[in-house]
1. Relative contact order (percent) for the chain, with alpha-carbon contacts under 8 angstrom and 6 or more residues of separation?
2. Restricting things to Cα coordinates, could you compute the convex hull volume per residue of the chain in Å³?
3. Hey, could you grab the Kirkwood Rh for segment 99-167? Inverse mean 1/r over distinct alpha carbon pairs, Å, one decimal.
4. For the chain, modelled as a GNM with alpha-carbon contacts under 10 angstrom, which of 74, 298, 102 fluctuates the most?
5. Is the shape of segment 177-324 rounded, prolate or oblate, going by the alpha carbon gyration tensor and its root eigenvalues a ≥ b ≥ c, with a/c under 1.5 for rounded and a/b larger than b/c for prolate?
6. Checking the a/c ratio against 1.5 first, then a/b against b/c, what shape does the Cα gyration tensor give for segment 132-225?
7. Mind checking the angle between helix 58-67 and the chain's longest principal axis? C-alpha axes, 0 to 90 degrees, to the nearest 10.
8. When the chain is treated as a GNM, springs tying every alpha-carbon pair under 10 Å, which of 238, 103, 187 comes out with the largest mean-square fluctuation?
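No lab work stands behind these numbers, since they all come straight from the coordinates. Keep in mind that what you see is a predicted model, and the values were worked out from it rather than measured. Note that each Cβ is placed from the backbone with ideal geometry, even for glycine, and that neighbours are counted across all protein chains shown.
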Ligand SMILES: NC(=O)c1ccc[n+]([C@@H]2O[C@H](COP(=O)([O-])OP(=O)(O)OC[C@H]3O[C@@H](n4cnc5c(N)ncnc54)[C@H](OP(=O)(O)O)[C@@H]3O)[C@@H](O)[C@H]2O)c1
């Protein structure tokens, strides 16, 4: 496993991290979840990503139990706040009240005194940015949070937050967590250039497009039994890629991967890691074999010819519109 700095911060993270959205506390049983975490640890993954909202807070509990007994200093544990964790009007968003209550719940469920990175899971249009940033800064001073990041924020939102932090002397955002894969490149036009200038690293999610880039979904056919596309909570999000034009072009990537001696999942993860602004690729897995497959992408270099071949194969099905980075207009 190779390691990278999280943005311009002093923190090092494994360039492949393990995330438990849709799996822990939901799609997979606790035993499979523990096996996936153990496989990640065995393969040198030190960085683990979760969120208060995953599986209605159960995912943090499962991760906390799975990591129990592992030397805390050898781990980087990331979680997030924003999406609803309860029925109340203040059980969501980035107000001082919700952030403060949510971090306490996360620390209890994760069985840790601090998280290494605390991320605003979306932009909250209903809370003054100063209130959110001041609250994050307070958590850093209290030692409950070591670094602060955001997720799916636009370049403009990240830029505004950095300006306020600089003016007010608040801790600066060190990372953004966007969706990024060969099929979804919406950060490249605006978010990445700003982030490179400002020292913000990308921790990218769904680098395998939720399993689509493994090539296991065939055009015109039913998805394989037990795959995410058949899962009640997973099928909605993966739907954007489950089109025959996308699935056909993904099949055409198979010779590219084969020529390099890589699995399709490894090619997909290696592809996002070619972008120097990416600090880590967060992979998900429903089975430990998937973790062992995916982590082998660490350290793989893809030359310009390969990158061009991939672009030629995927052609028009790649999404590049920066306008696709959106947070809800009002709190969910
Ligand atoms: N910030 C955000 O808003 C946000 C949003 C989404 C995710 N995330 C983070 O990013 C993490 C990763 O997202 P993701 O799970 O969508 O990432 P992903 O790595 O693109 O997809 C993971 C899924 O693909 C399938 N898969 C993975 N490796 C495979 C392999 N080698 N062979 C066959 N199938 C394979 C598995 O699903 P099946 O076996 O079920 O098919 C697995 O659960 C999440 O856990 C979370 O931490 C963040």
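1. 22
2. 123
3. Answer for segment 99-167: a Kirkwood hydrodynamic radius of 12.6 Å.
4. Of the options given, 74 has the highest mean-square fluctuation.
5. Here segment 177-324 falls in the rounded category.
6. Because a/c hits 1.5 or more and a/b exceeds b/c, segment 132-225 counts as prolate.
7. Result, in degrees: 80.
8. 238
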